[in-house]
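Student: Below is the structure I would like to discuss, written out as structure tokens.
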Amino acid sequence: MKKVKKSFVDRFLNIIEKGGNALPHPGTLFAILSVIVIIISGIGYALGWSVDFVGINRKTMKLEEMVISTKSLVSKEGINYIFTSLVGNFTGFAPLGTVLVAIIGIGIAEKSGMIGVLLKKVALSTPKNLVTVMVIFLGIMSNVASDAGYVILPPLAALIFLSFGRHPIAGLAAAFAGVSGGFSANLLIGTIDPLLGGISTEAARILSPVYEVLPTANWFFMIASTFLIAGLGTLVNNKIVEPRLGKYNGTEKLEFHDVTVEEKKALRVSGVAAVIMMILFIPLYYVLGKNFLGAGLVPIIVLFFAIPGLAFGKSIGTIKNDTDVMDMLTKTFSGMAGYIVLVFFAAQFIAYFNYTNLGTILAVKGADFLQTTGITGIPLVIGFILIVGFLNLFMGSASAKWAILAPVFIPMLMRVGYTPEFTQLAYRIGDSATNIISPLMTYFAMIIVFMQKYDKKASLGTLVSTMLPYSITFLVGWSIFLAIWMNTGIPIGPGVMINYIPGI
């Protein structure tokens, strides 16, 4: 048989995967990285690593002169922090509670059989060539619901692909690319828009005391970006990622047959339960206000899956009593043991990295470097996007990075003729594109565990090599799209132009 010659991209990604998977187990790797951070923090403290800058206090939303120094983890205070924060770092790790609570509803819906039947309906009604773009589009749109998309979509997308006889990891990757790589794109205004806008407003007022950046500042561009990212993600998935994964020969199977009369009836019952639940939520929304869809979103997700799942199970006979429900939940949580172990070590690494201020120092130094290069125009904007994308690998929070970078780059770009809204837009491109390859991204460990369901040997190298084509394509394609938009004269949001005119 003639040996098929692998492309340069395949060989490159294979090297990355082999190199990454040659590293220890992800949990062990995060433990090693924690030790490395401890050592580097001691060196940085001894050498006096620090930065002086004007940043925005995210609590007061006011500009402040700040001095950030490296905090040592080998000092008396640092060692005390290591021991006293160990439990809190783990239990306070934001994705842990979100995932474990949300999995209650998803577990009931899955074990009752409802999700499997729904996926069959999807597989029967969706054209095969539209599955990928549908998954990525749903991932992008899920950003309106904050972090909920990370928990729900990747495992469901894997099952959708499996139901079509396609590689489930390709489905998982497509969903992750949409949710995280397309973080800033959306047809609607999301929770991140007012947050970034507030920071941009304070930074703009360094030069223009009455300037205000509205939550809708980037809306038009982000609407267009939704279709751009969905298209680019589909292209990468179908031409690079899935062909590289090859045929799925794992043990996980999804039986595919026509939906039976009983299943159709059970779906109708679960649909009625979902509608009743949504009707009951309406008065709760008016009573509780925005907090209902903010802090209360995870319980809503639990009920949205659990109640229709219970109705489905009761109708079709998979749930006869409360013992059946508890058995379903026990089996669901037993499958999350690997995630819990991995999160323990990942949480320590991220907490130590944040405590030492190493990410903040790197961000300020990166901003200073770009500011001193002297480049202008489109090269300056592209350079800014690349710097942000690089810093995103080391500093996960979008608002924390922007609080540091906005007071530097918004006035800088205002002086050369760009609006604060446009600078914020460029920032969001760099901040989104590299989320999917950053170990500091809080849901990174969870995606590895989801991947291990279909590939027991999957590790950090597997995930990075799978997601890297999306990341590079998004970064390059989105930047080119922005450069083209800059020459069209089209507003980037309602009443918001790219060019800044002082006094207007």
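Student: Work the Kirkwood hydrodynamic radius out for the chain: mean of 1/r over every pair of different alpha-carbon atoms, inverted, in Å.
Tutor: 24.3 Å
Student: Rounded to the nearest 0.05, what FRET efficiency do Lys457 and Ile501 give with R0 = 45 Å and r taken as the Cβ-Cβ distance? Could you check?
Tutor: According to the calculation, E is roughly 0.20.
Student: Continuing with the same structure: Modelled label-to-label distance, Leu288 and Thr376, 7 Å Cα→beta-carbon offset: nm?
Tutor: 5.4 nm
Student: Could you please rank Arg166, Arg58, Arg428, Arg11, placing first whichever residue has the fewest other Cβ atoms within 10 Å of its Cβ? Don't skip to the end; give the middle numbers.
Tutor: Details: Arg166 21, Arg58 15, Arg428 25, Arg11 11.
Fewest-to-most Cβ neighbours within 10 Å comes out as Arg11, Arg58, Arg166, Arg428.
Student: Cβ neighbours within 10 Å, averaged per peptide: list 41-52, 188-199 in order, most packed at the top.
Tutor: Ranked from most to least packed, the peptides come out as 188-199, 41-52.
Student: May I ask you to sort Glu421, Glu65 by Cβ crowding, counting other Cβ atoms within 10 Å and putting the fewest first?
Tutor: Exposure proxy ranking, most exposed first: Glu65, Glu421.
Student: Please report the projected area of the range 268-377's Cα convex hull averaged over all directions, in nm².
Tutor: The directionally averaged projection comes out at 13.5 nm².
Student: When the expected Rg is taken as 2.2 N^0.38 Å, what fraction or multiple of it is the alpha-carbon Rg of the range 192-285?
Tutor: 1.92
Student: Here's something else I'd like to know. Stokes-Einstein diffusion coefficient for the range 59-210 at 37 °C in a medium of 0.692 mPa s, Rh from the Kirkwood formula over Cα pairs: what value in µm²/s?
Tutor: D, rounded to a whole number, is 172 µm²/s.
Student: Return the calculated 222 nm mean residue ellipticity for the chain, to the nearest 500 deg cm²/dmol, obtained by summing -39500 (n - 2.57) across DSSP H runs with n ≥ 4 and dividing by the residue count.
Tutor: -21500 deg cm²/dmol
Student: Starting from the exponent 0.38 and prefactor 2.2 Å, build the expected Rg for the range 342-493 from its residue count and divide its actual Cα Rg by it.
Tutor: Compactness ratio reported: 1.14.
Student: Shape call for the range 460-504 from the C-alpha gyration tensor, a ≥ b ≥ c root eigenvalues: rounded (a/c under 1.5), prolate (a/b greater than b/c) or oblate?
Tutor: prolate
Student: Further question on the same structure: Would you please put 465-477, 76-88 in order of how densely packed they are, using the mean number of other Cβ atoms within 10 angstrom per residue and starting with the highest?
Tutor: For the peptides 465-477, 76-88, the packing ranking is 465-477, 76-88.
Student: On to the next question. Of Lys253/Lys331; Lys120/Lys239; Lys18/Lys120; Lys71/Lys456, which sit over 29 Å apart, Cα to Cα?
Tutor: Lys18/Lys120; Lys71/Lys456
Student: Mind giving me the FRET efficiency for Lys76 and Val341? R0 is 30 Å, r the Cβ-Cβ distance, nearest 0.05 is fine.
Tutor: Efficiency computed from Cβ-Cβ geometry: 0.50.
Student: Taking the Cβ of Val51 as the centre, find all other residues whose Cβ is under 12 Å away and add up their charges (Lys, Arg: +1; Asp, Glu: -1).
Tutor: For residues surrounding Val51, the net value is -2.
Student: Provide, as a two-decimal number, the C-alpha radius of gyration of the range 34-142 over 2.2 N^0.38 Å, N being how many residues it has.
Tutor: With N residues counted in the range 34-142, Rg over 2.2 N^0.38 Å equals 1.82.
Student: Quick one: order Ile106, Ile480 by neighbouring beta-carbon count within 10 Å, fewest to most.
Tutor: Lowest to highest Cβ neighbour count: Ile480, Ile106.
Student: While we're here: Quick test of the membrane-span-like rule: which DSSP H helices of the chain reach at least 27 Å along their long axis (C-alpha atoms) with mean Kyte hydropathy at least 0.5?
Tutor: 26-47, 261-288, 297-316, 337-356, 460-486
Student: Related question: Sort all Cα-Cα distances of the range 411-477 into consecutive 5 angstrom bins from zero, then give the percent of pairs in each bin up to the one containing the longest distance.
Tutor: 3, 16, 20, 16, 14, 11, 8, 6, 4, 3, 1
Student: Could I ask something else about it? For Ser184, what charge total do you get from the other residues with a beta carbon under 14 Å from its beta carbon, if Lys and Arg give +1 and Asp and Glu give -1?
Tutor: Neighbourhood net charge equals -1.
Student: Peptides 485-497, 21-33, 200-212: what's the order by average Cβ count within 10 Å, highest mean first?
Tutor: Per-residue mean Cβ counts within 10 Å order the peptides as 200-212, 21-33, 485-497.
Student: Sticking with this structure for a sec: Taking the Cα atoms of the range 352-429, what is the range of coordinates along each of the three principal axes, in descending order and whole Å?
Tutor: Reported extents, whole Å, longest axis first: 40, 23, 18.
We did not get these values from a lab; they are worked out from the coordinates using the rules stated. The model shown is predicted, which means the values in this text are computed figures rather than measured ones. All Cβ positions, glycine included, derive from the backbone under ideal geometry; neighbour counts span all protein chains shown.
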